[in-house]
1. Are there any pairs with C-beta distances below 8 angstrom linking a residue in the stretch 57-72 that is in contact (Cβ under 8 Å) with a residue 24 or more places away in the chain to a residue that is part of a loop (DSSP other than H, G, I, E, B) and of a type in the set (S, T, N, Q), with the two at least 6 apart or on different chains, and if so which?
2. Could you look through the stretch 64-78, keep only residues that are crowded, with 16+ Cβ neighbours inside 10 Å and over 10 Å from the mean Cα position of the chain (by Cα), and pick out the one that is farthest from F13 (Cα to Cα)?
3. Can you pull out the residues in the stretch 43-97 that are farther than 12 Å from V16 by Cα, among the hydrophobic types (A, V, I, L, M, F, W, C) and not in a strand (DSSP E or B)?
4. Have a look at L39, L82 and point out the one that is in contact with a strand residue (DSSP E or B) (Cβ under 9 Å, 6 or more places away or on another chain), at pLDDT 95 or above, surrounded by 16 or more Cβ atoms within 10 Å (Cβ to Cβ) and farther than 15 Å from P6 by Cα.
5. Could you grab me the full set of residues in the stretch 46-63 that are more than 12 Å from the chain's Cα centre (by Cα) and either aliphatic (A, V, I, L, M) or surrounded by fewer than 12 Cβ atoms within 10 Å (Cβ to Cβ) (or both)?
6. Which of the residues spanning the stretch 9-44 are of a type in the set (G, A, S), farther than 21 Å from L75 by Cα and free of Cβ contacts under 8 Å to residues at least 60 places away in the same chain?
Amino acid sequence: MDRQDPEVTVKLFASVKDAFGLREMRVPLGEGRDVGRLLESICTSPQRVHSVYDEYRTLRQDVTVLVNGRSIVFLDGLRTALKEGDTVSVFPPVYGG
């Protein structure tokens, strides 16, 4: 019997979606996976890194990350634990008037 590894869904929006070249991806969970490790694992090119991180390789202040619709600011930040079936959404800055 095949046992599928647990996964989370990552949804990408606007310029982040453009940098990744896709709108959604399924990412396998590893042991003790959290938002910070998830983002590190998917930022596999300079364009992806720049869309999520600043020049100090910390999460850009103007990027919003949600886990199941809740901002990580109100959870445990980049240490927010993930479990199978979670949805992580990454939004770039929103400007306009």
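The values are calculated or read from the model by the stated rules, or taken from the named source; none is laboratory data. Since this is a predicted model, take the numbers as computed values, not measurements. Glycine also receives a Cβ, built like all others from the backbone with ideal geometry; neighbour counts cover every protein chain displayed.
1. Cβ pairs passing all conditions: V67/T80; I72/T80.
2. L75
3. Residues satisfying the conditions are I72, V73, F74, L75, L78, L82.
4. Values: L82 fails: farther than 15 Å from P6 by Cα.
Sole residue among the options that is in contact with a strand residue (DSSP E or B) (Cβ under 9 Å, 6 or more places away or on another chain), at pLDDT 95 or above, surrounded by 16 or more Cβ atoms within 10 Å (Cβ to Cβ) and farther than 15 Å from P6 by Cα: L39.
5. Of everything in the stretch 46-63, those that are more than 12 Å from the chain's Cα centre (by Cα) and either aliphatic (A, V, I, L, M) or surrounded by fewer than 12 Cβ atoms within 10 Å (Cβ to Cβ) (or both) turn out to be P46, E55, Y56, R57, T58, Q61, D62.
6. Going through the stretch 9-44, the residues of a type in the set (G, A, S) turn out to be 14-15, 19, 21, 30, 32, 36, 41.
From what's left, farther than 21 Å from L75 by Cα: 14-15, 19, 21.
Once the filter is applied, which keeps residues that are of a type in the set (G, A, S), farther than 21 Å from L75 by Cα and free of Cβ contacts under 8 Å to residues at least 60 places away in the same chain, the stretch 9-44 yields A19, G21.
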